[in-house]
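Step one of this worksheet: look at the structure below.
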Amino acid sequence: MQQVGIEALNIYGGAAQLDVQMLAQARHLDTSRFDNLMMKEKAVSLPYEDPVSYAVNAAKPIIDRLSDADKRRIEMVITCSESGIDFGKSMSTYIQDYLGLSRNCRMFELKQACYSGTAGLQMAINFILSQTSPGAKALVIATDISRFTLAEGGEALSEDWSFAEPSSGAGAAALLVSDVPYILQIDVGCNGYYGYEVMDTCRPKPDSEAGDADLSLLSYLDCCENAYLHYQSRVEGVDYQQSFDYLSFHTPFGGMVKGAHRNMMRKLKRAKPQDIEADFQRRVMPGLVYCQQVGNIMGATVFLSLASTIDNGDFSQPRRIGIFSYGSGCSSEFYSGVVSPEGKEIQAQQRISSQLAARYSLSIEEYEQLLQYSRAVAFGTRNVTLDYNIFPGLWQQIEGKGRLVLKQIKEFHREYEWV
């Protein structure tokens, strides 16, 4: 069977982070409930960072390693986001431009809440498998930011902060998909999907989110079980506990993943609590390490978990990873692939852990100032020039590192520059 999968994978977790325990104390959140989030830090987008800059900064290390010939073979750029900057224009055009990709390229954007990244990956996989353009590659980038802002006087503009604020992050995952799957070789045809209409979470306005947290949890659990059962019906001899060395989940927060895994082990394996906990620590926890440092980045989160699994798991021999993707509204999929020892070595070159560790640590005061200043770049802004020095300590973390930032918006057109 033809090989296909992820040739290269990188995560960009921004330039700044906030200690979520500190945030929980500032918001007077119930610490007993907060522990269930299993969060440590969250990525925070700066006024001059947006879904485009996140996407380009995630993809650039991948593109820089390609030969000119391989770079020209990228014939499709798919952006996957619920944080789009335009109701009509795709962010893919900005990405193609700033990465210097060929103009002989299909460019478009996908939206289905947090499932969008997997939708883009599966579309790219089938493009490669079609062999309509042998040797072609596809660049899939899931990029999202949480749009928390403060109005004058400090009141929240978002509908429901509570526990959504500390768990919501910002970032992007870039995947180069091709017939040389150095990182993850996809199990072709091994997919289970499940979805239906439900109003668990939504973005009724571009700069705010709303929803029912309890309903979202129930939908996630329901989809995890039924997407896997569909996978099981299509893949002979599969076993939830034995067939997958690791499991990578879409991770709104760690407690939701832990609950879903517990539900699966109880129903499918009738496992005892101590065995479930041991299995969680062995097969699932490696995929939560980066999620605990970045937070929920919507369509990119499942790939954040995948990268974390590869970097923190034991791949001394080829290992199969089961992957569960969920997007509110809802759509979900369970699929799988194999990572080799060589794949782990190649993935380590992205140094994701070091990049996350190097981010600027915000104080609560700086974070609150950022929320207020972010109103200047709210959705639909027509004209603005960004002041890089409004937070000098932050700018020193970015300047000179070859990153793309938003310079200005001029008659709705976004202009970026490398710094």
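No value in this document is a laboratory result; all are computed from the given coordinates. Owing to the predicted nature of the structure, the values given are computational and were not obtained by experimental measurement. Because the Cβ atoms are built from the backbone with ideal geometry, glycine has one as well, and the counts that use them run over all protein chains shown.
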Explain nothing, just the number: relative contact order of the chain, from Cα pairs under 8 Å at least 6 residues apart, as a whole percent. 24
Could you tell me which residue out of Ala113, Gly322, Gln185 lies farthest along the dipole of the chain toward its positive end? Charges go on the beta carbon: Lys and Arg +1, Asp and Glu -1, centred on the Cα centre. Gln185
Could you work out the percent of alpha carbon pairs in region 5-418 separated by over 41 Å, rounded to a whole number? 10
Positive end of the charge dipole of region 5-418 (Lys, Arg +1 and Asp, Glu -1 on Cβ, about the Cα centre): tell me which of Tyr48, Met22, Gln293 has its Cα farthest that way. Gln293
Longest DSSP-loop-exposure-free segment, GluC sites (Glu not before Pro), the chain, at most 15 other Cβ within 10 Å: 237-398
Reachable lysines from Lys111, criterion Cα separation under 19 angstrom, eight or more residues apart if same chain: Lys89, Lys205
Taking amide H positions as placed 1.01 Å from N in the peptide plane, with prolines and chain starts having none, which residues 5 or more places from Lys407, or on another chain, fall under 5 Å of its amide H? Glu415, Tyr416, Glu417
Return the single residue from Thr385, Thr309, Thr251 with maximal mean-square fluctuation; model: Gaussian network over the chain, springs between Cα atoms under 10 Å. Thr385
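In square nanometres, what is one fourth of the surface area of the convex hull spanned by the alpha carbons of region 306-419?
10.5
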Exactly which trypsin sites (Lys or Arg not before Pro) in region 277-366 are in a DSSP loop and have at most 16 other Cβ atoms within 10 Å? Arg351
How big is the charge dipole of the chain about its Cα centre, in debye rounded to the nearest 20, if each Lys and Arg gets +1 on its Cβ and each Asp and Glu gets -1 on its Cβ? 820
Please give the residues of region 86-118, grouped as numeric ranges, whose backbone N is less than 18 Å from a label point set 7 Å along the Cα-to-Cβ vector of Glu411. 89
So if we plug the beta-carbon distance of Asp97 and Lys205 into 1/(1 + (r/R0)^6) with R0 = 35 Å, what FRET efficiency do we get, rounded to 0.05? 0.75
With eigenvalues of the C-alpha gyration tensor scaled by 5 and rooted, region 207-318, Å: 22, 19, 14
Cross-link reach list, lysines versus Lys137, counting only Cα pairs under 20 Å and skipping chain neighbours closer than eight places: Lys60, Lys71
Enumerate the residues in region 234-265 having an amide nitrogen under 20 Å from the point lying 7 Å beyond the Cα of Arg33 toward its Cβ. 252-260
What's the longest bit of the chain with no exposed chymotrypsin sites (Phe, Trp or Tyr not before Pro), using DSSP loop states and at most 16 other Cβ atoms within 10 Å as the test? 197-378
Could you work out [θ]222 nm for the chain from helices alone, using -39500 (n - 2.57) per DSSP H run of at least four and dividing by all its residues? Round to the nearest 500 deg cm²/dmol. -10000 deg cm²/dmol
Starting at the first residue of region 130-139, write each ³J(HN,Hα) from the Karplus equation 6.51 cos²θ - 1.76 cosθ + 1.60 with θ = phi - 60°, in whole Hz, x for Gly and Pro. 5, 6, 6, 9, x, x, 5, 10, 10, 9
For the Asp179, Asp387 Cβ pair and Förster radius 56 Å, calculated FRET efficiency rounded to 0.05 is 0.75
Enter the Cα centre distance for the pair region 43-77 and region 260-327, rounded to the nearest angstrom. 26
